[in-house]
Amino acid sequence: MRGSVKTIGLGFILLWAVFFTCHPLYAAVPGLTQDERLWLAAHDGNVRLAFTPDWPPMDFLGENGKPCGMAADYIRLIEKKLALKFNLVRVSSWDEMLDRAKAGSIDVISAGQATKARREFMNWSTPFLNLKTTIIVKKERRGRLTLDQMRGMKIGVVREYAVGEFIREMYPYLTLVDVTSSNEGIRKVSFGELDAMITEVPNALYMIETEKITNLRLAGDTGFELNHGMGIRRDWPVFSRIIEKTLASVTAREHKEIYSRWVKLETPKFYQTRIFWYSVMGAAVAVLLVIGSILLLNMELKKQVLQRTEALRFNEIGLEALLALHEKPHESIQDIIEFSFQQMLELTQSRFGYLALEDQDGITYVVDYSLPESGQRSYVQNQTTGFSGDTKGFWGEAVGRGEPIISNDYPGSNPGLRGVPEAYKPISRYMNVPIFNHGKIGVVVGMGNKETDYTPSDLRQVNLLAHGMWRLIQRKKAEQAMWKSERRFQDLVEHSPNGIAIVQDNAVVHENSIQVELMGDLNFLDPDSDNRFHRDDLQKVKAFYDQMIHDDLKQSELVFRFYPSDARDSHDSMKWVNCIATPMDYQDRNAFLLIFIDMTEAKNLEHLLTISDKMASLGHVSAGIAHEIRNPLSGINIYLRTIEKYYQNPEKSGKIDSSIQAIRSASHKIESVIKRVMNFAKPTEPKFDRIKINEPLKEAIKLTSFTLTKMGIAIEQELDDRLPDCYAEPHLIEEVVLNLINNGADALSQTREKGMIRVSSRLQKDKILLCVEDNGPGIPRDLKVKIFDPFFTTKAHSTGIGLSLCHRIITDHKGKLDVVGSELGGAGFLIELPVSQGIDNSQGMQA
């Protein structure tokens, strides 16, 4: 039974295949093989195809729920050419379609971009939809955009779309936001939830038009083109070949029909558009209007010519008045005001005028025509209080509104004539022009009682004259202020006790009498050309003035010496000058102000003081040496007399040896003093080496610890083991620290039973700090400035050379030795040594 059923089924399939082999529709797809036709016959109605539901106008569901768009039209054309009916499978999104294709629940995807990931589960046909992708932004974002300009923007892309994969790979620094559909992304851009959306150009145009979204625009191309083909399950190679042949059979006309149905490819002829016919109708109406206007203009021309002629006449008069005003730059401010005001009255044919300035009282003019036989006007001038309350009717409205005002019915615009003095109340017409200076009222000009109405031409004339008057007054005030400023400057320069010169464009453009008296004809701008400069100062003088020549002043002060004449052999004739240079603006151009201070007398006094200090130091040192040697010498003399006495008495000659020993001891003391003096005057040349500075400190502590313990003095060390190496002579550093420790021990032994000495080291920036401190009585403030002087001491049996020698050693190490306060309450000595001096032994030998 089963065999017969199978035989009948195969027979039907063969008959069906023969039917389709002969079917005329296959002629639309040439080149189909017998196997391909049998395959189509066996799968008709069973090929599961899915459309994208929300990808207009390429692929979407219409209002009736049926597939619409360019991809749907291609599918219908393929069905027609192959006489094949697809089994439509509905999906809710592109994500779902891909998931179902991976799962094998759909066989064909209507259209999509082939990517590496998608080729793993689908074969893709030759693209039949080639679409550019665009960037959609709000209209308020100006200019064109490219992907590399969108850093920091929130950019929407449809999840699993190929353009998103392209951007993530090529522009990984961009911020992408996945959306379920392009419709959703475009709406989010419109509502401001996204900064931009990237999708296909037809999709963007379709959405903007159909959704009536008016606040979006296409800002630029991404450079990525989507080439969409059909996706076919990988185990259907036969169907893939059928689709390739079918797509190849689609004619150019059929492609064009589908594209033109959804994308506007052609524009209508210009004469077929409404705009053309509207333009034709507008042109016809315009011609009629022009003809009518010409007729009306001909009727108005004579009237306007007369009006313009009159206006030109008044303009000429106004220009003449303005030119006459500018020809009075040397007149006084009062004359300029009176001339301008009278011109305003004449130009506007006004019988009354008011003028007030910000910095002086107002002026009121009344034109008197009481003498008509003379044919001349007379002006009655009154001084008023400017912008006072009793004249507010003249200026209040214009100042309040900040613009010129014309009132040809003044009693109507100001009922009761408020703010108008009683003497001027018969005012029928009034015109008011305010002028502001940096937001504040500067001038108010008012004209009144013209026989006819005031016109904008009157307003322009008054406005021009008022502004011209104001500018001329300000110029006059500026000139007066400049003259006063220049006068004060000249007085200051001329009466200065120092020499002053102004250098501009490498030349002296001004100098006062003190400068001429001090410097004479010395050419300080070209030191090489004048041999009166001191040879030791010539180079630095040249460098100083070269900076001014090149307008690159880095050094503002210079002290140099020169000779007023060529008598270089006379030391008394040499002068010391301190030059201070300052950039300045002189006559609206860059210049340098040079102040020359005569320091000759100060330098001479300084030289005398230096000699005096040296002599005092020499006397102090000599007194110290004499004091240290006098006692041993006195002892030697005593013992010599004793030897002489014992020598004459043979019985006591045995005591001569003790006297000789005493003489020898005194001689050693003198030798010790001389040696210390020599060490101070010409110390041992240090031999620098790269050492760890804590080593000599530890040696000094080790040498003194036993003695300090016997004296009841504790010594502690706080040495930083992380200190870098530095250049120093270890024995000299050890000698300095030993001396400081012994000094502290001497002070503690006289004042305290239990003393404390601390030796510490630490790093501070690029310096190593060594500190020796104690808890003794400390050093009085008055003595701190003297303790490093040679032979200064407060101890009974001391030469006073120790601390001065320590100071000399540390100075030779390019360091510093200072007295500081101590946390222990006593004295502290702080040594600063540079971390790296770059000194080797050879340099140390020269130090």
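The values are calculated or read from the model by the stated rules, or taken from the named source; none is laboratory data. Just so you know, these numbers come straight off a predicted model, no measurement behind them. Using ideal geometry, Cβ is built from the backbone for each residue, glycine included, and neighbour counts are taken over all protein chains shown. Accessible surface is based on the protein model in full, side chains and every heavy atom, while ligands, DNA and RNA are left aside. Shrake-Rupley method; radii C 1.70, N 1.55, O 1.52, S 1.80 Å.
Details
- The set of residues in the range 202-226 that are under 18 Å from MET70 (Cα atoms), open to solvent by 10 Å² or more (accessible area, probe 1.4 Å) and of a type outside the set (Val, Ile, Thr) comprises PRO202, LEU205, TYR206, GLU209, GLU225.
- Looking only at the range 42-52, residues that are touching a Phe, Trp or Tyr at 6+ places or on another chain (Cβ under 7 Å) and either surrounded by fewer than 19 Cβ atoms within 10 Å (Cβ to Cβ) or modelled with pLDDT of 90 or more (or both) come to 2 in all.
- LYS542 open to solvent by 30 Å² or more (accessible area, probe 1.4 Å) and at pLDDT 85 or above: yes
- Listed by position, the strands (runs of 3 or more DSSP E) contained in the range 30-139 that have at least 2 residues being within 17 Å of PRO202 (Cα to Cα) are 59-61, 108-113, 129-138.
- Count - residues of the range 481-520 that are closer than 22 Å to THR600 by Cα and assigned to a helix (DSSP H, G or I): 9
- Among the residues of the range 227-239, just one is modelled with pLDDT under 90 and open to solvent by less than 20 Å² (accessible area, probe 1.4 Å), namely HIS228.
- Residue among VAL559, VAL503 that is open to solvent by less than 70 Å² (accessible area, probe 1.4 Å), under 37 Å from the mean Cα position of the chain (by Cα), modelled with pLDDT of 85 or more and not basic (Lys, Arg): VAL503
- Test: residue in the range 220-238 that is hydroxyl-bearing (Ser, Thr, Tyr) and farther than 18 Å from GLN113 by Cβ: no
- Test set (1) more than 14 Å from GLY353 (Cα to Cα); (2) buried (at least 20 other Cβ atoms within 10 Å of the Cβ) - VAL444 fails condition number: (1)
- Residues in the range 521-530 that are part of a loop (DSSP other than H, G, I, E, B) and either at pLDDT below 75 or within 10 Å of PHE562 (Cβ to Cβ) (or both): 4 in all.
Residue by residue, here is whether (1) in contact with a Pro (Cβ under 9 Å, 6 or more places away or on another chain); (2) over 17 Å from ILE693 (Cβ atoms); (3) among the acidic types (Asp, Glu); (4) surrounded by fewer than 18 Cβ atoms within 10 Å (Cβ to Cβ) holds:
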site: ILE768; (1), (2), (3), (4): yes, no, no, no
site: PRO777; (1), (2), (3), (4): no, yes, no, yes
site: VAL785; (1), (2), (3), (4): no, yes, no, yes
site: ARG808; (1), (2), (3), (4): yes, yes, no, no
site: GLY815; (1), (2), (3), (4): yes, no, no, no
site: SER822; (1), (2), (3), (4): no, yes, no, no
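- Verdict on GLU735 being on the phi < 0 side of the Ramachandran plot and either under 55 Å from the mean Cα position of the chain (by Cα) or at pLDDT 85 or above (or both): yes
- Of everything in the range 76-127 that is open to solvent by 60 Å² or more (accessible area, probe 1.4 Å) and of a type in the set (Ser, Thr, Tyr), the residue that is modelled with the highest pLDDT is THR126.
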